[in-house]
Amino acid sequence: MARLVIVSNRVPPPRATGGVSAGGLAVALQSFVEPGTLWFGWSGRVTEKPSGKPGFADGQGVTYATIDLSSEDYDRFYVGFANSSLWPLLHFRLGLMRYRREDFEGYLVVNGNFADALMPMLRDDDMIWVHDYHLIPLALALRERGFNGRIGFFLHIPFVPASVLEALPPARDLLRALCAYDVVGFQTHTHLEDFLDCARRFTGFAVEGQEVVTNGRRVRAIADPIGIDAAGFARVAARSAGTAYIQRVRDSLIGRALAISAERLDYSKGLPNRFEGFARLLSRFPQHHRHISMLQIAARSREDVAEYQVLRRELDRLAGDINGRFSQFDWVPLRYMTQTVARTKLAGLFRAARIGLVTPLRDGMNLVAKEFVAAQDPADPGVLILSQFAGAAEELSDALLVNPYDPDAIAEAMHVALEMSIDERRERHAVLRRAVFDVTAARYCNVFVDALRGA
Ligand code: F6P
């Protein structure tokens, strides 16, 4: 059987269980990788003069190989093109996009360095699965170095319509690079359709059904929504609910309902709008004063990117403003943390919550929404309030769907959730739970690997 080689910018430490800062990618794949797999990527280290030679670690039969980045690579590839150009662009935030030719150059250089380091480790019949926007040109770089085996790519974040993508100067290069893969996967059908349309417009290649026909290659595009290990997460949540940590949380609530949000501190997550939504709940529905506490966990992330620093200052200000306006001497409505919280603790917090607020302005999927559903006690479940612009909304339409740009809609959904009867909560949760248990991390991985095997 062909060996699977996974390539992603971040490589989890062997046997890591992750926290909210890790991002869904590493967590979803970690539960799937089998002994014999090679996982390659960035070590997370920035060094003076990286050798380009990988360092190795082993965990449960999986080999993890990583290389360092130089500070110039880190600035141009990671801070620059990946996170200041592609990330805002693919989250529909053209106003935040910053483009510099030297950053795109650096992006190509690092993809070339990845290919150089990976080539000597490859066998002819390996199947390579590349993840996310940092590594779009990797297949092209590997093909140029002589690798002819199967290579697939999965985009964990949204894909945009042609009218948005065209703002990026090297849009055509990126589309051509995507067409060097055998399989290209997206979280939703909408992203898939946008990709096919962009491929047609920017490359001039023909599109037949879900395939792009290039010179001598057929690229198959698929929609393959990512999921979680739902049964595993539900077990962790039930166990965590009985720990001293969650008991402390319950004691601190003294019977108040808990609304919870947890994610990386990122402008795509709609945090200021959500804070404003909570403030409107408190001003428009004063009956909830003293009966609700909101816990926002926003794990610090990408702190070298200017927009993230601006956002952090804005959230500090908004949190202070809300608590200044509404607190009473024995009730502080908003609890705001920017530390990482371990997944086992998060699972217990989700289970203890009456409301899960997941309101990104745009998101590829959003696994927190799925984790919140899996963590609930089916006899007394909390209510999921979900952005209509998260990929997860395609599958979780029985959540309370909101437009995250409208703080009043967030406030009204919170009010509805707080007043919702136990019967309605159970009914909605049962439907959501089926969806989350149906499309799991294992299914996501199997669908992709089967498509790659068939390429
Ligand atoms: O899930 C999207 C993603 O960008 C992953 O590719 C990434 O590893 C994660 O979020 C966390 O971001 P970063 O690697 O920049 O810390």
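Residues 269, 49, ranked from the fewest to the most other C-beta atoms within 10 Å, line up as 49, 269. Taking the DSSP bridge list for segment 230-438 and keeping only pairs wholly inside it, about 5 percent are antiparallel.
When 412, 303 are sorted by how many other C-beta atoms sit within 10 angstrom of their C-beta, beginning with the fewest, the order is 303, 412. Both the radius of gyration and Dmax for segment 230-438 are 15.9, 47 Å, in that order, over alpha-carbon atoms.
Going from the fewest other Cβ atoms within 10 Å to the most, the residues 250, 425 appear in the order 250, 425. When you work out D = kT/(6 pi eta Rh) for the chain at 20 °C and 1.002 mPa s, using the Kirkwood radius from C-alpha pairs as Rh and the Stokes-Einstein form, the result is 94 µm²/s. A protection proxy built from the mean count of other Cβ atoms within 10 Å ranks the segments 105-113, 339-347, most packed first, as 105-113, 339-347. When the helices of the chain are scored as -39500 (n - 2.57) per DSSP H run of n ≥ 4 and the total is divided over every residue, the value at 222 nm lands at -12000 deg cm²/dmol.
No value in this document is a laboratory result; all are computed from the given coordinates. What you are looking at is a predicted structure, and each value in this text was computed from that prediction instead of being measured. We place every Cβ from the backbone using ideal geometry, glycine too, and count neighbours over all the protein chains shown.
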